[in-house]
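The values are calculated or read from the model by the stated rules, or taken from the named source; none is laboratory data. None of these values were measured; they are calculated from a predicted model. Glycine gets a Cβ as well: all are built from the backbone with ideal geometry, and neighbour counts include every protein chain shown.
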Amino acid sequence: MLRIEGLSKAFGNANVLKNVSFSMKDGRITAFLGPNGAGKTTTIRALLGIIRPDTGKFYMDTTPYIPEQVNMRKNISFVLENASLYERLNGYENMYFVAQIWQLEKSMAEERIKKLFNELEIDYGKKPVKLYSKGMKQKLILARALLPSCRYLILDEPLSGIDIPTKHIIREVLKKEKNNGKAIMYSTHILEEVEELAQEVIVIAHGEIRFKGSINEFRSIDNDIETAFMRLVV
Amino acid sequence: MKGIISIIKKEFLNSIRDKRILYMSIILPVFIYPLFLLLPLSFTNEKINNVKEKKIIVGLFKMEPDSALKTFENKNYAFSSVDSVNVEFIKSGNVDIILSKDSFYNVFYDPEDIGSQLAMERFSKDVETFNKEILEGMLKKVGLSSDWINSVNIKKIPLKKKNISSFYIMLIAFLIMWSVIGSSAVIIEATAGEKERKTLEYLIALPVSRESILIGKIITTFIFGFVSSFLMFLAFSVAFKFFLPQASKSLLYLNSVSFKYVHIIVLIIILTMLSFDMLLTTLSIFAKSIREAQMYMMPISFLLILPIIFMQMFSKDLDSWVYFVPVLNSIVEIKELLIGRFDSHNLLVVILVYVAFIYIFFKRALRSFKSEKAVLRS
Ligand SMILES: Nc1ncnc2c1ncn2[C@@H]1O[C@H](COP(=O)(O)OP(=O)(O)OP(=O)(O)O)[C@@H](O)[C@H]1O
Ligand SMILES: [Mg+2]
């Protein structure tokens, strides 16, 4: 379990996160749901040590997790919002770079890359990533996050701008990862994706947590989940 | 350590496939720069060689070839007549020098035309020889030895070795500067470029420390700069050796150069390049785009050339304070070492100045790289 407690962050005098607390559980997909500008990306950046929060603590189970410490960060892999690949490298080279960062053994890395490429239907070609289609790029970005097989997987809008067949493939892979016991957090503002994938729901708006609970609890707020969401975020 | 190596590998792959980087750090220094140097020099070279062998055309003003001049015809001279003493005849290439006669032979030449100047020199030398031959003939007739002509002989003996040419020093200075400027494309790509392509945020979130990332990027930049300057050195050497043997003698005085301290010279070059890599890193980390980074780079390239200009102006007596001025101190120290003078005190100052420079700018760059403002700037 990865737990966030009392996270706050201001940019200038804009309080972007206000005392945010929640957790992501093992073997569950947690939807991190919120409208544009709610503070989802900022929360994820703080969790990965990209920005320094003003207040707040993180825990992995019961041990404090300090994002600045490289060894602790090894437990988390991620897909960032608007993330890009190294366009001059080919798909394999992009993956192998990540494998080296996580210090995977060469033969192990090669085997895992091959497996992920098969699973996500990424062609194992030698062409540089800049010649890939958008869907292919997005799949490679996900493959890059799955490669080190971390306990925690954090995804910031991984399905934006992707066609239905590709979405389908990605969803299946995520479900499988969850069933292997991983704690997955998944930020989005699309409700159908939540219904399709999530077991846990966290709703954030204006930098505050407005709801946290299971998908069934979320559904019980209102017959229509769109109405429920609207009621939470206003 | 493993982190640094994987960063270097990635940066290397990325840079070697960047056309701009290849152009700046390989094509320009190895092909274009030597060409810039070769063309004007080979032009002069050719002119010098030409005058030595070709027929000199003497324009005669108000005179006919006299008996003396006639003997010159088999010494590779030709005569034509001109109706005035006018530099235009030389400029147009019709004649090399113009000759008129009163109590002297007046030799007119164009001081701005190297061909005309060399023709004048050859002509006066040949006249001298001619006079000597006449005298010798006369002495022989009266049964005297020609040794009488040279009753006093001189022999020129240099008291010290010819100093290293300032042209050679300039060449070395430019070599360092060009390679620094060339490798700046690598660090710009690795910092501002990553920001522009939206990969920097991903990179810093990976489980590898910012120190490792920064060091990996700087090492890659340094390798490109070093290889580039080495290739440039080779290219220039080849250019001089095979295409301009004449110029390499008269411009470089290569014979007077000593390579006894070449390892120290390489060390100074490494320190100079590293210092500037640090400075460039500090600036380009802050930039949000490649374009902005290039803008910051411009005054730096100018700063690099300043000491070279300075050197040219005050090459005679430089005080010991020059050893405290980056770039200038490298140039002066390398020059000293090339003429075989080694002063451990000055060398120590140079090394300490660079170590301090490198330390300060690395700290500064790291601070920028750790600040979310600089990293997320867009
Ligand atoms: N570096 C920054 N400087 C200033 N303000 C920022 C910065 N980053 C984010 N913000 C502000 O913080 C608020 C939350 O932004 P954030 O990106 O976290 O929202 P989000 O929930 O991810 O939205 P979206 O669904 O559009 O991605 C926004 O109002 C944004 O303008
Ligand atoms: Mg966002």
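Inspection of the stretch A:206-222 identifies at least one residue that is assigned to a loop (DSSP other than H, G, I, E, B) and buried (at least 18 other Cβ atoms within 10 Å of the Cβ).
Of everything listed in (1) closer than 13 Å to A:Arg28 by Cβ; (2) crowded, with 16+ Cβ neighbours inside 10 Å, the single unmet condition for A:Asn180 is (2).
Output the residue which, of all residues in the stretch A:53-66 that are within 16 Å of ligand 1 (Cβ to nearest atom) and within 13 Å of chain B (Cβ to nearest Cβ), is surrounded by the fewest Cβ atoms within 10 Å (Cβ to Cβ). First the steps, then the outcome.
Looking only at the stretch A:53-66, we keep the residues that are within 16 Å of ligand 1 (Cβ to nearest atom), and these are A:53-54, A:56.
Then drop every residue that is not within 13 Å of chain B (Cβ to nearest Cβ), which leaves A:53-54.
Numbers: A:Pro53: 22, A:Asp54: 13.
That would be A:Asp54.
Restricting the stretch A:84-94 to residues that are more than 8 Å from every other protein chain (Cβ to nearest Cβ) and in contact (Cβ under 8 Å) with a residue 40 or more places away in the chain, the residue that is nearest to B:Ser212 (Cα to Cα) is A:Asn94.
Considering only residues that are touching a residue at least 24 places away in the same chain (Cβ under 8 Å), out of contact with any Phe, Trp or Tyr (no Cβ under 7 Å at 6 or more places or on another chain) and at the interface with another protein chain (Cβ under 8 Å from one of its Cβ atoms), which ones fall in the stretch A:72-83?
Pass one, the stretch A:72-83, residues touching a residue at least 24 places away in the same chain (Cβ under 8 Å): A:73-81, A:83.
Still in the list and also out of contact with any Phe, Trp or Tyr (no Cβ under 7 Å at 6 or more places or on another chain): A:73, A:77-79, A:81.
If the condition is that a residue be touching a residue at least 24 places away in the same chain (Cβ under 8 Å), out of contact with any Phe, Trp or Tyr (no Cβ under 7 Å at 6 or more places or on another chain) and at the interface with another protein chain (Cβ under 8 Å from one of its Cβ atoms), then A:Arg73, A:Phe78 are the ones that fit.
Counted as qualifying within the stretch A:1-41 are the strands (runs of 3 or more DSSP E) with 3 or more residues that are of a type in the set (Gly, Ala, Ser) and at pLDDT 95 or above, namely A:2-11.
Suppose we filter A:Phe117, A:Phe97 for residues that are within 14 Å of chain B (Cβ to nearest Cβ) and either of a type in the set (Lys, Arg) or out of contact with any His (no Cβ under 6 Å at 6 or more places or on another chain) (or both); which single one remains?
Numbers: A:Phe117 fails: within 14 Å of chain B (Cβ to nearest Cβ).
That would be A:Phe97, the only listed residue that is within 14 Å of chain B (Cβ to nearest Cβ) and either of a type in the set (Lys, Arg) or out of contact with any His (no Cβ under 6 Å at 6 or more places or on another chain) (or both).
Table: residues versus (1) more than 18 Å from B:Tyr168 (Cα to Cα); (2) within 16 Å of ligand 2 (Cβ to nearest atom); (3) over 20 Å from the mean Cα position of the chain (by Cα); (4) of a type in the set (A, V, I, L, M, F, W, C).
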residue: B:Arg291; (1), (2), (3), (4): yes, no, yes, no
residue: B:Gln294; (1), (2), (3), (4): yes, no, yes, no
residue: B:Ile305; (1), (2), (3), (4): no, no, no, yes
residue: B:Val327; (1), (2), (3), (4): no, no, no, yes
residue: B:Ile334; (1), (2), (3), (4): no, no, no, yes
residue: B:Asn346; (1), (2), (3), (4): yes, no, yes, no
residue: B:Val349; (1), (2), (3), (4): yes, no, yes, yes
residue: B:Ile360; (1), (2), (3), (4): yes, no, yes, yes
residue: B:Lys373; (1), (2), (3), (4): yes, no, yes, no
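In a residue-by-residue description of the stretch A:140-148, the property of being within 14 Å of another protein chain (Cβ to nearest Cβ), over 30 Å from A:Asp224 (Cβ atoms) and within 16 Å of ligand 2 (Cβ to nearest atom) applies to at least one position.
Does A:Ile169 count as more than 16 Å from ligand 1 (Cβ to nearest atom), of a type in the set (A, V, I, L, M, F, W, C) and under 21 Å from A:Leu120 (Cβ atoms)? I'd like the intermediate steps shown before the answer.
On the way: more than 16 Å from ligand 1 (Cβ to nearest atom): yes; of a type in the set (A, V, I, L, M, F, W, C): yes; under 21 Å from A:Leu120 (Cβ atoms): yes.
Yes: the conditions hold for A:Ile169.
Filtered by the rule that a residue be touching a residue at least 24 places away in the same chain (Cβ under 8 Å) and either assigned to a loop (DSSP other than H, G, I, E, B) or within 6 Å of ligand 1 (Cβ to nearest atom) (or both), the stretch A:42-52 gives A:Thr42, A:Leu48, A:Gly49, A:Ile51. Among the listed residues B:Glu88, B:Glu46, which satisfies the condition of being modelled with pLDDT under 80 and acidic (Asp, Glu)? Selected residue: B:Glu46, the only one of B:Glu88, B:Glu46 that is modelled with pLDDT under 80 and acidic (Asp, Glu).
Scanning the stretch A:29-41 for residues that are over 15 Å from A:Ala10 (Cα atoms), near ligand 1 (Cβ under 6 Å from one of its atoms) and either out of contact with any Lys or Arg (no Cβ under 9 Å at 6 or more places or on another chain) or not assigned by TED's automatic domain parsing to the domain that holds A:Pro67 (or both) yields one hit, A:Asn36.
A:Arg28 falls short on exactly one of the conditions (1) among the basic types (Lys, Arg); (2) closer than 28 Å to B:Arg210 by Cβ; (3) surrounded by 15 or more Cβ atoms within 10 Å (Cβ to Cβ), and that condition is (2).
The residue that is nearest to the chain's Cα centre (by Cα), among those in the stretch A:182-197 that are at pLDDT below 95 and more than 16 Å from ligand 2 (Cβ to nearest atom), is A:Leu197.
Here is a yes/no grid of residues against (1) among the small types (Gly, Ala, Ser); (2) surrounded by 14 or more Cβ atoms within 10 Å (Cβ to Cβ); (3) assigned to a helix (DSSP H, G or I); (4) modelled with pLDDT under 80:
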{"site": "B:Lys288", "(1), (2), (3), (4)": "no, yes, no, no"}
{"site": "B:Gln294", "(1), (2), (3), (4)": "no, yes, yes, no"}
{"site": "B:Met297", "(1), (2), (3), (4)": "no, yes, yes, no"}
{"site": "B:Leu306", "(1), (2), (3), (4)": "no, no, yes, yes"}
{"site": "B:Ile309", "(1), (2), (3), (4)": "no, no, yes, yes"}
{"site": "B:Gln312", "(1), (2), (3), (4)": "no, no, yes, yes"}
{"site": "B:Tyr323", "(1), (2), (3), (4)": "no, yes, yes, no"}
{"site": "B:Asn329", "(1), (2), (3), (4)": "no, yes, yes, no"}
{"site": "B:Lys335", "(1), (2), (3), (4)": "no, yes, yes, no"}
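Would you confirm whether any residue within the stretch B:221-239 is at the interface with chain A (Cβ under 9 Å from one of its Cβ atoms) and either assigned to a helix (DSSP H, G or I) or crowded, with 23+ Cβ neighbours inside 10 Å (or both)? Spell out the reasoning first.
So the first thing to find is which residues in the stretch B:221-239 are at the interface with chain A (Cβ under 9 Å from one of its Cβ atoms), and the list is none.
Within the stretch B:221-239, not a single residue is at the interface with chain A (Cβ under 9 Å from one of its Cβ atoms) and either assigned to a helix (DSSP H, G or I) or crowded, with 23+ Cβ neighbours inside 10 Å (or both).
Considering only the stretch A:1-37, state which residues are within 13 Å of ligand 2 (Cβ to nearest atom), more than 13 Å from the chain's Cα centre (by Cα) and closer than 23 Å to A:Asn216 by Cα. Hits for the stretch A:1-37 are A:Gly34, A:Pro35. Within the stretch B:1-20, residues that are facing another protein chain (nearest Cβ under 10 Å) have Cβ atoms under 6 Å from residues that are part of a helix (DSSP H, G or I) and of a type in the set (Phe, Trp, Tyr) in these pairs: B:Lys10/A:Phe97, counting only partners at least 6 apart in sequence or on another chain. May I ask you to list the residues in the stretch B:45-78 that are more than 36 Å from the chain's Cα centre (by Cα), of a type in the set (A, V, I, L, M, F, W, C) and part of a helix (DSSP H, G or I)? The answer is B:Ala68, B:Leu69, B:Phe72.
Please enumerate the residues belonging to the stretch B:1-43 that are among the hydrophobic types (A, V, I, L, M, F, W, C) and within 25 Å of B:Glu211 (Cα to Cα). If you could, list the steps in order and put the result at the bottom.
As a first pass, look at the stretch B:1-43 and keep what is among the hydrophobic types (A, V, I, L, M, F, W, C): B:1, B:4-5, B:7-8, B:12-13, B:16, B:21-22, B:24, B:26-28, B:30-32, B:35-39, B:41, B:43.
Scanning the stretch B:1-43 gives B:Met1, B:Ile4, B:Ile5, B:Ile7, B:Ile8, B:Phe12, B:Leu13, B:Ile16, B:Ile21.
Looking across A:Val98, A:Val79, A:Val129, one residue alone is at pLDDT 95 or above and either more than 19 Å from the chain's Cα centre (by Cα) or within 16 Å of ligand 2 (Cβ to nearest atom) (or both). It is A:Val79.
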